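Shown next, in structure tokens, is the structure this report addresses.
The values are calculated or read from the model by the stated rules, or taken from the named source; none is laboratory data. Just so we're clear, the structure is a prediction, and the values are computed from it rather than from any experiment. When we count neighbours, we look across all protein chains shown, and the Cβ atoms used for this are built from the backbone with ideal geometry, even at glycine.
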Amino acid sequence: MESEQAASLPPLYLVDLSPLLAEPSGGSFALEPFTVEDRLDEELFTAAAQIRIDRTNRGVRIVGTVRGRQEGLCGRCLTPAATQLEADIDEEALEQRHATDGALLIGKGNGVDVGRLAVEALDLVRHLVLRCAPPCPERCGLCGANHPSSDCPERGIDPRMAGLATLLPSDDDEGAPIG
């Protein structure tokens, strides 16, 4: 299923593995550092990756580090917000003859989309709710302005709770000592 979804997406940074697959196990090459961008769930991910690809007896092993940025809207104030992300990649892409359920497969023309792997690695460490940095002010639950509810000028006794307010001691009443 995952392979079918990945196949329907346009490749971000497709690498031809034909020269490496022609070698016996143990061959390796490092890709030039690259940068890709993609949108996931209304957020922009920018990934800068450094990747090495090693030949294995069943396909290739893709190892590297991805540093990137997640950009979207703050979950509290809905203004643009961004955060830095970092993730490691350690994936094995198998040849068709070694295919197993849910495995990453080497595609047609002996290609693997390492750009998609980089963005998916950042997606795994993403912030589920972006926040402003420095933190945005709290929204008031009473009037909706940018201040905490405790500082609201419209704050008063809730008419639904007015009956309970009569049970509270007055400010000048110290009350009886406890104990």
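When only residues in region 53-72 that are outside any strand (DSSP E or B) and either farther than 26 Å from H98 by Cβ or among the polar types (S, T, N, Q) (or both) count, which is farthest from the chain's Cα centre (by Cα)? Explain how you work it out, then say what you get.
Quick first cut of region 53-72, residues outside any strand (DSSP E or B) only: 56-58.
Checking which are either farther than 26 Å from H98 by Cβ or among the polar types (S, T, N, Q) (or both) leaves us with 56-57.
Working: T56: 30, N57: 33 Å.
Here the residue is N57.
Within region 124-142, is even one residue over 21 Å from R52 (Cα atoms), of a type in the set (D, E, K, R), over 19 Å from the mean Cα position of the chain (by Cα) and surrounded by 14 or more Cβ atoms within 10 Å (Cβ to Cβ)?
Within region 124-142, one or more residues are over 21 Å from R52 (Cα atoms), of a type in the set (D, E, K, R), over 19 Å from the mean Cα position of the chain (by Cα) and surrounded by 14 or more Cβ atoms within 10 Å (Cβ to Cβ).
Enumerate the pairs (first residue in region 21-36 and modelled with pLDDT under 85; second residue anywhere and assigned to a loop (DSSP other than H, G, I, E, B) and exposed (fewer than 12 other Cβ atoms within 10 Å of the Cβ)) with beta-carbon separation below 8 Å, excluding pairs fewer than 6 apart on the same chain, so at least 6 apart or on different chains.
Short answer, once both residue conditions are applied: S25/N57.
Residues of region 95-106 being surrounded by 16 or more Cβ atoms within 10 Å (Cβ to Cβ) and over 21 Å from A30 (Cβ atoms), which ones?
Just the residues of region 95-106 that are surrounded by 16 or more Cβ atoms within 10 Å (Cβ to Cβ), to begin with: 95, 104-106.
Listed by number, the residues that qualify are E95, L105.
Take region 96-151 and flag every residue that is closer than 26 Å to E32 by Cβ, modelled with pLDDT under 85 and among the basic types (K, R).
Result: K108, single match.
Please count how many residues of region 87-104 are of a type in the set (A, V, I, L, M, F, W, C) and more than 24 Å from the chain's Cα centre (by Cα). It would help to see each step written out before you state the result.
Pass one, region 87-104, residues of a type in the set (A, V, I, L, M, F, W, C): 87, 89, 93-94, 99, 103-104.
With more than 24 Å from the chain's Cα centre (by Cα) added as a condition, the list becomes 94, 99.
Residues in region 87-104 being of a type in the set (A, V, I, L, M, F, W, C) and more than 24 Å from the chain's Cα centre (by Cα): 2 in total.
For the condition of a type in the set (D, E, K, R) and either closer than 30 Å to G144 by Cβ or in a strand (DSSP E or B) (or both), what is the one hit in E37, E23?
Residue meeting the stated conditions: E37.
Go over the candidates L85, L104 one by one and state the one that is touching a helix residue (DSSP H, G or I) at 6+ places or on another chain (Cβ under 6 Å), in contact (Cβ under 8 Å) with a residue 40 or more places away in the chain and not small (G, A, S).
On the way: L104 fails: touching a helix residue (DSSP H, G or I) at 6+ places or on another chain (Cβ under 6 Å).
Of the residues listed, the single one that is touching a helix residue (DSSP H, G or I) at 6+ places or on another chain (Cβ under 6 Å), in contact (Cβ under 8 Å) with a residue 40 or more places away in the chain and not small (G, A, S) is L85.
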